[in-house]
Structure formats: C-alpha cells, structure tokens
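S.K.: Once you've had a glance at the structure underneath, I'll fire off some questions.
The values are calculated or read from the model by the stated rules, or taken from the named source; none is laboratory data. From a predicted model like this one, the values you see are computed outputs, not experimental measurements. For neighbour counting, all protein chains shown are included, and Cβ atoms are generated from backbone atoms with ideal geometry for every residue, glycine included.
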Amino acid sequence: MSNLLHVIGSKQFDKAALGELFLAAKEMEQLASQGGANHFGDKIMCSLFFEASTRTRFSFESAMHRLGGRVIGTENASQFSSAIKGETLEDTIRVVSSYCDLIVMRHTEVGAAQRAAAVSTVPIVNAGDGSGEHPTQALLDLFTIQKELGRIDGLHIVMIGDLTYGRTVHSLSYLLSNYQDVKISFIAPDNARIPVYVKQYLEEKGIVYEETPDLLKVAQTADVFYQTRIQKERFPSIDEYNKAAGKYIIDLPLLDQMRKEALILHPLPRAGEIHADVDADPRAAYFRQAQNGLFMRMAIIEKCLGV
Amino acid sequence: MSNLLHVIGSKQFDKAALGELFLAAKEMEQLASQGGANHFGDKIMCSLFFEASTRTRFSFESAMHRLGGRVIGTENASQFSSAIKGETLEDTIRVVSSYCDLIVMRHTEVGAAQRAAAVSTVPIVNAGDGSGEHPTQALLDLFTIQKELGRIDGLHIVMIGDLTYGRTVHSLSYLLSNYQDVKISFIAPDNARIPVYVKQYLEEKGIVYEETPDLLKVAQTADVFYQTRIQKERFPSIDEYNKAAGKYIIDLPLLDQMRKEALILHPLPRAGEIHADVDADPRAAYFRQAQNGLFMRMAIIEKCLGV
Amino acid sequence: MSNLLHVIGSKQFDKAALGELFLAAKEMEQLASQGGANHFGDKIMCSLFFEASTRTRFSFESAMHRLGGRVIGTENASQFSSAIKGETLEDTIRVVSSYCDLIVMRHTEVGAAQRAAAVSTVPIVNAGDGSGEHPTQALLDLFTIQKELGRIDGLHIVMIGDLTYGRTVHSLSYLLSNYQDVKISFIAPDNARIPVYVKQYLEEKGIVYEETPDLLKVAQTADVFYQTRIQKERFPSIDEYNKAAGKYIIDLPLLDQMRKEALILHPLPRAGEIHADVDADPRAAYFRQAQNGLFMRMAIIEKCLGV
C-alpha cells in the first residue's frame, strides 16, 4: 500500500498497511506541530455529509487544511440536497466527483460508501455509513493504542456499551483481527450485544473473544477499555434505549480497579458513560485520541491524493 | 464584453458575448486539467443560497477554488439568516457585499438577483431566482451543445418535461434566440407547458418553435433532447404534479429512434425521466454537461472579477 | 495588551486596550484595501455557531480570509451537532480546539463563551452568548463612533429599542464606561428597559445616564443614536413583543430634528425601526458600521493569533 484507492471498510487493511498508516500518522503529527504543509494547494476535498457529524467533519477538514488543501462541503445534505428531489446516490457522486479530488462521505445507509466508490472518478473515504462501518475512526483508535502502549499484539481489549449499533466497535474489531494474541471482551446490555457476523469474522481469524456482563471482573487485568455511547438515535424505541442506557459506567471507583498502565478510550461524544472526574487521570486518553484523529486523517488524505 | 458587471438573466448575452464565454470556458477546461490557477488568492466569493442547491453551489465553489480563490457561504440561508428577523434582501446584500468580492446567489423569488444587483457593491451572479432564471445553467447547457456538436446555428432542439416551472428551459430558450435557423420543439404535459412570455420572446426574435405532445415524432430528426425533471416542489398541488409526472421518459426504445449524432442533455438532478440504462450510450451527455458547468463557472467568475 | 488570550466580554477592555484595537483596525482597513495579507496561511479558525448568524459569521470568516487564513465551521450547530447526542459544551470545545487555532463561537446560553475559554487550548472569541454579551459588535460600534466623530470622550449617546434583550447595548454600555464625560440616554418600551445590573455598573464607573420615554426631546442635542431591533425571538410572548414593537422609529421627520453632525448606528439586521429613506443621509452610518466590523474583526483575530 503506497497509495489508497478508496477507504470503505476496515477489512481492507492488513497488518503491513496499518503499520504504514501509523508511520505516516506519526509524521503528520510532526508536520502539524510545525504548522502543516502545502502539499495540496490545488486539490479540493468535498465533505459530503448526508448525516451531520460536526466532529468528524471538522477533523477531516482540518486535516485537509493542515496539508494546504481546499474544502467544499455540506453539513447535512439529507435535508436539502438533490436527494429530496429523488436523485440516486450514484448520480450525486457522478456529478460531485467531477467537482473535487476526494470525497469524504457520511451516509445513513449501510453500503453507501461502497456504492459511491463504484461510480466515483475520485477516491471515496467512508466517514460512517449507517450502522455499517466507520473505518477512519477505527484506524485512529488503533493508532492511539499503538502510540500510547507501544504495541497491539498481545493486548486485552474490553469494548463496552452499544455493541449492536456502534459501528466503530465493529470496525475496530475487524482491525484487531490482524494482530497476534489479542483478546477481546465484549460487555453490553442484553439488547445491545455484539452482532453474530462480527463474532464469526473474529472466529475465522482465530481471535479470542468473550461476551461477559461483568465489567468489574475484567477491570483489573485488561489493557484497553473502549467505552461507547448508547446511541439513542439508533435504537428502535425509547423503551429499548432505556433498558440499555446507564448500565456500564466508567467512574472513579472503577478506575481504582484498573491497572496503572491501562488505557481508556471513547470515540466521543459521550453522554455520561465516562464520568467527568475521570478526565484528569492520565489513563483517560479520549481527548488525545480525538487529536490523533487529525493526524490519522492527514495520513489517509495523503495516501488517497498521492504525494 | 471583456468583463461582466453582473450575471442576472440570459437575455443580457448576445452572440458575440456567448462566443467569448465559450472560448474562455475552453481555456478553463485546460487550466483545470493542469491543476487550476492562482489568479484570485486574495478574492472572496460568497455563496448566498437562500434555497439549497448542493450541486450548483459545489460547482461554483469548486470553480472559485480552481482559480485559487476563497469562499464563504451559506447552504440554506432562508432557514436561519437575518431574513427570518425581518431584514430586506437589499439590506442583506448591502452588508454582505462589504465582506466579499463576488456574490453567487440563489433565492426563492423571481427578480431577487436583479434587486440584489441594484444595491450591491460587488458583482452578483444569479444562481437561480425562483421560477425566474438560472442563466449560468443555460450558459453551460449551450456550451455543451457547442462543444459536443461543434455548432448551434441550424440545430433542432427538443425541450421536454416541466416547461412551466423549469427556469433552465426559459433561460436556454432566450440564449438560443441569438442563433440562426434554430428550431425548438416544446414537449410538456398539459399543465406544465411553456409560458406565453417565452413564446412571445422567441417570436420577436424570429425563432421557429412548435408545441407538440408527440416525442416519438421528433425523436428521429432532432439534434438535441433537453430533458427536465417534473419539479414536485414547484407544483401547486400533488394532484397537479401527478398529472405531469412520468409522461415523457427517455429510455432505450426511444434512444433507438434517435439519430446517431443526437445529444441528450439534462440539467440534473433527474428522478426517473431518463432511465439509468441510457447512461452508457455516448449520446447521453448529461454528466459531461455537469462537468462543463465547472469550466463555464470558472469563466464567469474570471469575467466578473477581472483578470 | 499586545496579544489577546480570549475575547469573552467587553468589561475586559480598558481605554488603553481599546485605543490599541482602534489603531489596529485602522491598519486593517488599509491592508484590506490593498487586497489583504497572507499572515495566517497555516492557521485555521473555527466558526462554531450553535445559533445561526449569517452576518456575524461572514464578517469573521471574511476577516480570517483577508488575513490569508483558513476556515472550518458550522452554520447552526445546535440542530445537528454532538449537542443533541448529549455532549457537554466543555467536551465539544476540548475536541474542537485540537482541530484549529482559534474558535469564534456563538451560543444560546449566557456564560457559554466563558465556560469554553476555561477548557479550550486555543483562543475563544465570543460572537454572542444568549442575552449575555456580544463584545466584538460593541468594539466595532465604538470603533465606528471614534472613526466618524474623532472622539468618544464627552459624547451624548442615545440607545433605543430592545434594551432588555439587546446584548449589544449592554456590551457597548460597558465599553463606554471607560471614557470621560460620556452621557447615555436609554429609550425603551416599558417591557424592554435597560437591566438594573447594567445601570449599577455604570453608576460604579461614574457614568451619567438617564432613562426617558421621549426620543424627540433628546433628538436635537445627542451625538449618537444607537437604534436596535425589537427581537421577536427573545420575547417571552407575542403579546409582550407587540407591546414593544414599533414604538420608537427613526424616520425623516425625526432626522430633521437631529444635529448635522449626529451619527445614526444600528447593529443590524433592522426590521422597520429605521426607515429606508433615511439611508441616503450622510448621518446614516449603519452600513459603514457593518463594514467596520470586518476591520475590527481582522484586528481581533490578529491580536488573538499573534503576529
């Protein structure tokens, strides 16, 4: 992998490609600290967000600007784009790809990025497709683990919260399957458990995992705690949401049980599932993780546009 | 016409001006293929969209970026601008024109661009004013015809679909009236026919036109088929819309009737009125047409800002 | 004050700081007339607008572009940001500040900018926090008075309209308290009078003020008329709004009463409280005032980012 054609799902990355991306992201961090670069002064990135995500959009747009590039975009295309006039995604992409050099796309439907890539004349980066995948989030998550703990092989990772609708959990699980001696514990409310197809993929790859209701039990030994928000907007009903919310919280008492070298991650935004008084602890890495998103996305953009 | 003051309606362009614009757009196409230019690094274009139009906005913003310029803008000003606080369009334009060097404006009301031009201190480009005009779309449509067929004089152009509310049809008709031996066939559902004032203008200019319900009859001889979407959002009722929709479709059987040198255009987005299996035919020029929009808008921006 | 850490409220500026800002804004005016500068090609400003304000946002974004900088932003974050997912403002700012070099922020809640500054790693500029403050508007208002009349000491300023919810009136009153022999007349409908806490602040600072219902009486002697819009959206009910609206209007008969050297200001947008036929009078300075916003905001950005 010297260059990337499209970034659609995390299964497209093998261990060598991930290593290359981590190296590139580290270089981007240094570049950003020196005021960025002017590699892409004549390139245009289009942020095509059919579903709003201010944070993810800012991260990509900032990355493009730090590389000297230009940005056009839409905050929330679903409300007012050609979509409401009955246009297909394929037609939209055919036209938009003639106006830019790279499309970063969030969509409400699983598989939308793949459909876009099939007709686009420029690289497509999937910034989330419904409850499908969110590969660049998983890449920055994994980059953060590598950067903070120095390795991924041999780690015990606990994933907590909305494991059914949490696409970052799925994408991160797929990425982790590239590494040796990794162990994953899935901890979720009964109506938000990890899907069968994710478990099947891990089994095929020989990854050891468990599903357990007992966060306290794994707290003392695990290396990484990947907490997620119970996503109200994706649950079928408010009843189902209420059953799931508030069950697994990271707070100071739990923190006391964790190893000194443990790492607490969260794709953000959070809504109470990590208490604010945890923030000051050096193991709370979620804001550093967010910043790593900038460097990883700079690396992805550079791989897509070519150097 | 070396420079443009404002671009308000298509009637402001004569044949010489159109020729100049086509030449400039061709130069822009070459410029864009070489990575664009840095002519306007210190210029700011404002995309002032009171009505959303992702495609048209992207096209203009991309054009400005390809010329090295800067962009500020609003995706959908009507929902949250000063307009809801009771401000007149004139006041908005007086203020906004002091923040930028060029305003590209879409508005819901006929005549809005003209009103804006009357008070603006910078050039105004009309990107659509209600059911009024959309001159830059007509310019790129005509540029596409010229580029694909090598001439405009003597052509037989068929305009199909929503001819009442379709402002691109009106604007294109006005532009065509500059050429010799042009013939226009208007084909529309009964409740979406070409307005009297368009026909009167063509008569004054000595342009031959007909209104006919029979698409099949003209299919075998016409040079250009300009298909348009029945615009649900502009019809007075869903009943009226349903009467108009689906009546005239371009599909493979119709394509079989057309001349080998015919050209199929559409301002896009489409919603079923050209079947997707037509796309692969070389006569299907609508995606090339969309890309020509970029080059034409680069030319228009350059004429407005001066070189 | 060589540089600014944050711009939160107008009370943070003393007379010396204001003098420095006025000087800087004058320099920016000259710079802008020469096509701007390229001071901040590697800097990113984030327009974080939780409440829409097209005019203010354009003014800041144009200012950043005129200084060569880059912009990311959101037009109306409240409708679709992480906020609706339950994220705290503090978390949002922690993340966003890792993606940019400066945050310009409008929020619906009083005190939001202060809370943001407490956790941000980059400068925060308050572009309005609910019915709290709007310091950069007050700075450009005062800059306009200084520029047009050559002084602020000794002036008689009349503030008219929505003095309860009009945060620009509060912010401007605080700034005026830095000057000598200033006199303020507050003229408001009964249900929109100047708050007690503003009056107390002026008393502490020894500023002479009066509340009077009689605009005609002060018209003949005052130096500056600062008219404001009755802000329908901030009144508790339509009844209360109707009681307040339309009571104090600046029209040609009133203009006839004013001194030849008087100055009419308005933060805009207006909705009838200054008649359009007043616009042509040289005393009508509100559009020049809007343009001064560009220069003042260029000065503020430069002070925040450092030169």
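S.K.: Can you find, within region A:66-83, the residue that is modelled with the lowest pLDDT among those that are within 12 Å of chain B (Cβ to nearest Cβ) and in a helix (DSSP H, G or I)?
M.R.: Ranking the candidates gives A:Gln79 first.
S.K.: If you don't mind, another one. Residues in region A:271-285 that are at the interface with chain C (Cβ under 9 Å from one of its Cβ atoms) and not small (Gly, Ala, Ser): how many?
M.R.: The initial filter retains those residues of region A:271-285 that are at the interface with chain C (Cβ under 9 Å from one of its Cβ atoms), namely A:271-272, A:276, A:279.
Still in the list and also not small (Gly, Ala, Ser): A:279.
Matching residues across region A:271-285 total 1.
S.K.: Of the residues that make up region C:26-37, is at least one among the hydroxyl-bearing types (Ser, Thr, Tyr) and either assigned by TED's automatic domain parsing to the domain that holds C:Tyr174 or closer than 30 Å to A:Glu29 by Cβ (or both)?
M.R.: Of the residues in region C:26-37, the ones among the hydroxyl-bearing types (Ser, Thr, Tyr) are C:33.
Keeping just the survivors that are either assigned by TED's automatic domain parsing to the domain that holds C:Tyr174 or closer than 30 Å to A:Glu29 by Cβ (or both) gives none.
So far as region C:26-37 goes, no, none of its residues is among the hydroxyl-bearing types (Ser, Thr, Tyr) and either assigned by TED's automatic domain parsing to the domain that holds C:Tyr174 or closer than 30 Å to A:Glu29 by Cβ (or both).
S.K.: A follow-up question, please. Could you check how many residues of region B:22-60 are among the β-branched types (Val, Ile, Thr) and in a helix (DSSP H, G or I)? Break it down stepwise before answering.
M.R.: Of all residues in region B:22-60, those among the β-branched types (Val, Ile, Thr) come to B:44, B:54, B:56.
Next, from what is left, pick out any that are in a helix (DSSP H, G or I): B:54, B:56.
Residues meeting the conditions: 2.
S.K.: Okay, next question. With a cut-off of at least 1 residues that are outside the structural domain of A:Thr108 (by TED's automatic domain parsing) and closer than 29 Å to A:Glu51 by Cβ, name the helices (runs of 4 or more DSSP H) lying wholly within region A:201-307.
M.R.: Numbers: elements: A:215-219, A:238-244, A:252-257, A:286-305.
Answer list for region A:201-307: A:238-244, A:286-305.
S.K.: Moving to a separate point now. Within region B:23-41, can you find the residues that are over 17 Å from B:Gly293 (Cβ atoms) and touching a residue at least 12 places away in the same chain (Cβ under 8 Å)?
M.R.: Those that are over 17 Å from B:Gly293 (Cβ atoms) and touching a residue at least 12 places away in the same chain (Cβ under 8 Å): B:Ala37, B:Asn38, B:His39, B:Phe40, B:Gly41.
S.K.: Kindly list the number of the only condition in (1) within 14 Å of chain C (Cβ to nearest Cβ); (2) in a helix (DSSP H, G or I); (3) of a type in the set (Ser, Thr, Tyr) that fails for A:Thr92.
M.R.: (1)
S.K.: Against the condition surrounded by fewer than 18 Cβ atoms within 10 Å (Cβ to Cβ), in contact with a Pro (Cβ under 7 Å, 6 or more places away or on another chain), more than 14 Å from chain C (Cβ to nearest Cβ) and charged (D, E, K, R), how does A:Lys26 come out, does it pass? Steps first, answer last, please.
M.R.: Values: surrounded by fewer than 18 Cβ atoms within 10 Å (Cβ to Cβ): yes; in contact with a Pro (Cβ under 7 Å, 6 or more places away or on another chain): no; more than 14 Å from chain C (Cβ to nearest Cβ): yes; charged (D, E, K, R): yes.
So A:Lys26 does not fit the description; no.
S.K.: Related question: When A:Val196 is evaluated against the numbered criteria (1) aliphatic (A, V, I, L, M); (2) closer than 26 Å to A:Gln257 by Cβ; (3) modelled with pLDDT of 95 or more, which criterion, by number, is the only one it fails?
M.R.: Going through the list (1) aliphatic (A, V, I, L, M); (2) closer than 26 Å to A:Gln257 by Cβ; (3) modelled with pLDDT of 95 or more, A:Val196 breaks only (2).
S.K.: If you go through region B:75-96 one residue at a time, do you hit one that is buried (at least 24 other Cβ atoms within 10 Å of the Cβ), under 20 Å from the mean Cα position of the chain (by Cα) and either on the phi > 0 side of the Ramachandran plot or touching a residue at least 40 places away in the same chain (Cβ under 8 Å) (or both)?
M.R.: The answer is no, given that none of the residues of region B:75-96 is buried (at least 24 other Cβ atoms within 10 Å of the Cβ), under 20 Å from the mean Cα position of the chain (by Cα) and either on the phi > 0 side of the Ramachandran plot or touching a residue at least 40 places away in the same chain (Cβ under 8 Å) (or both).
S.K.: If you don't mind, another one. For B:Ala32, state whether it is more than 14 Å from chain C (Cβ to nearest Cβ), modelled with pLDDT of 95 or more, surrounded by fewer than 22 Cβ atoms within 10 Å (Cβ to Cβ) and in contact with a helix residue (DSSP H, G or I) (Cβ under 6 Å, 6 or more places away or on another chain).
M.R.: Working: more than 14 Å from chain C (Cβ to nearest Cβ): yes; modelled with pLDDT of 95 or more: yes; surrounded by fewer than 22 Cβ atoms within 10 Å (Cβ to Cβ): yes; in contact with a helix residue (DSSP H, G or I) (Cβ under 6 Å, 6 or more places away or on another chain): yes.
It is true that B:Ala32 is more than 14 Å from chain C (Cβ to nearest Cβ), modelled with pLDDT of 95 or more, surrounded by fewer than 22 Cβ atoms within 10 Å (Cβ to Cβ) and in contact with a helix residue (DSSP H, G or I) (Cβ under 6 Å, 6 or more places away or on another chain).
S.K.: For B:Lys243, work out the one condition from (1) more than 10 Å from chain A (Cβ to nearest Cβ); (2) at pLDDT 95 or above it doesn't fulfil.
M.R.: In the conditions (1) more than 10 Å from chain A (Cβ to nearest Cβ); (2) at pLDDT 95 or above, B:Lys243 misses (2) alone.
S.K.: Among the listed residues B:Gln114, B:Gln146, B:Gln180, which satisfies the condition of being assigned to a loop (DSSP other than H, G, I, E, B) and surrounded by fewer than 22 Cβ atoms within 10 Å (Cβ to Cβ)?
M.R.: B:Gln180 is the lone residue from the list that is assigned to a loop (DSSP other than H, G, I, E, B) and surrounded by fewer than 22 Cβ atoms within 10 Å (Cβ to Cβ).
S.K.: Can you tell me which residue is surrounded by the most Cβ atoms within 10 Å (Cβ to Cβ) among those in region A:117-128 that are polar (S, T, N, Q) and within 14 Å of chain B (Cβ to nearest Cβ)? Write out each step before concluding.
M.R.: Going residue by residue through region A:117-128, those that are polar (S, T, N, Q) are A:120-121, A:126.
Those left that are additionally within 14 Å of chain B (Cβ to nearest Cβ): A:120-121.
Details: A:Ser120: 21, A:Thr121: 14.
Across region A:117-128, the extreme among qualifying residues is A:Ser120.
S.K.: Among residues belonging to region C:155-175 that are hydroxyl-bearing (Ser, Thr, Tyr) and assigned to a helix (DSSP H, G or I), point out the one that is surrounded by the fewest Cβ atoms within 10 Å (Cβ to Cβ). Walk me through it before giving the result.
M.R.: Going residue by residue through region C:155-175, those that are hydroxyl-bearing (Ser, Thr, Tyr) are C:164-165, C:168, C:171, C:173-174.
Of the ones still in play, those that are also assigned to a helix (DSSP H, G or I) are C:168, C:171, C:173-174.
Values: C:Thr168: 24, C:Ser171: 27, C:Ser173: 27, C:Tyr174: 22.
My answer is C:Tyr174.
S.K.: Would you mind finding the one in C:Ile152, C:Ile103 that is crowded, with 22+ Cβ neighbours inside 10 Å, away from chain A (no Cβ under 14 Å) and within 19 Å of the chain's Cα centre (by Cα)? Walk me through it before giving the result.
M.R.: Values: C:Ile103 fails: away from chain A (no Cβ under 14 Å).
Unique residue meeting the criteria: C:Ile152.
Yes/no matrix, rows are residues, columns are (1) under 23 Å from B:Gln291 (Cβ atoms); (2) in contact with a strand residue (DSSP E or B) (Cβ under 6 Å, 6 or more places away or on another chain); (3) surrounded by fewer than 20 Cβ atoms within 10 Å (Cβ to Cβ):
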residue	(1), (2), (3)
B:Ser237	no, no, yes
B:Glu240	no, no, yes
B:Lys247	no, no, yes
B:Ile250	yes, yes, no
B:Pro253	no, no, yes
B:Ala271	yes, no, yes
B:Asp279	yes, no, yes
